[in-house]
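Please read the structure below before turning to the comments.
Quick note: the coordinates plus some simple rules give every number you see, no bench work behind them. The structure displayed is predicted, hence computed values, not measured ones. Here the Cβ positions follow ideal geometry from the backbone for every residue, glycine too, while neighbour counts run over all protein chains shown.
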Amino acid sequence: MKRVTLLLMVFMLIGLLNAYADQVGVENVEDNKNGKYVVTEMTEGGLFYHDRQYTITNIPKEFVGLTQIHTSCDCPGGQDYRLTFEIDRSAFVYIAWDSRHNRPEDRGQDPKGWFTKNYEDTGKTLFLDAPHDPTEYWIYKSNKPYPKGKVELLGIDAVAGDPVIMWTIFLEEGKAVESANKLTIIWGKVKVEDF
């Protein structure tokens, strides 16, 4: 019984520490098309883009307070597009896409299928809002966290009839598992020591 109580207390402490963890640090955001980017905190009613007064609303609660990379409203795109930035710890990358256009998995990608293979639809949305008409954005999440260091987002077709992407990017700390074997070994030690 004492072990169970101790474990519950440890899990509660871990949960509290995670809830108040620092944001993922992002630096050196640049692309190959001279786009401009601003790193900020994702806040309900905050700015969606760095160069417009449009707000971001209806953010799922678990994403409020995460590190956001503000793009330009007219963020360049295309299959030859490359965006890089550096992160100070491993992190999941979320990308929210304008629902007025094709889903990203239905767009041309270079290399072929890079987005489709590495991201999944969360089923969640947020909104580009006032003074713009409310517009839903689909939220996608990287399948696994990117390790600390350089992150590269590759080429994807822009929206139909316009050379821009219409997206926003945000990050959440995530622990990268180095090897399934290493995890199995650690879990095995925990199980043996507990009995």
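Determine the alpha carbon to alpha carbon distance for each of LYS33/LYS112; LYS150/LYS175; LYS36/LYS61 and list only those over 24 Å.
Distance filter (> 24 Å) returns LYS36/LYS61.
Once the other residues with Cβ under 14 Å from the Cβ of ILE139 are scored (Lys, Arg +1; Asp, Glu -1), what is the net sum?
Summing Lys/Arg as +1 and Asp/Glu as -1 gives -3.
For a quick protection proxy, order the peptides 31-44, 145-158 by their average other-Cβ count within 10 Å, most packed first.
Ranked from most to least packed, the peptides come out as 145-158, 31-44.
Would you please put 114-120, 60-66, 129-135 in order of how densely packed they are, using the mean number of other Cβ atoms within 10 angstrom per residue and starting with the highest?
114-120, 60-66, 129-135
First select every other residue whose beta carbon is under 11 angstrom from the beta carbon of ASP129; then total the charges, Lys and Arg +1, Asp and Glu -1.
Overall, the nearby charge balance is -3.
Using the Karplus curve 6.51 cos²θ - 1.76 cosθ + 1.60 with θ = phi - 60°, work out ³J(HN,Hα) for each residue of segment 57-72 in order, rounded to whole Hz, and write x for Gly and Pro.
9, 6, 6, x, 3, 5, 9, 5, x, 6, 6, 10, 9, 6, 9, 7
Quick one: net charge of ARG82's neighbours, Cβ under 11 Å, K/R +1, D/E -1?
-4
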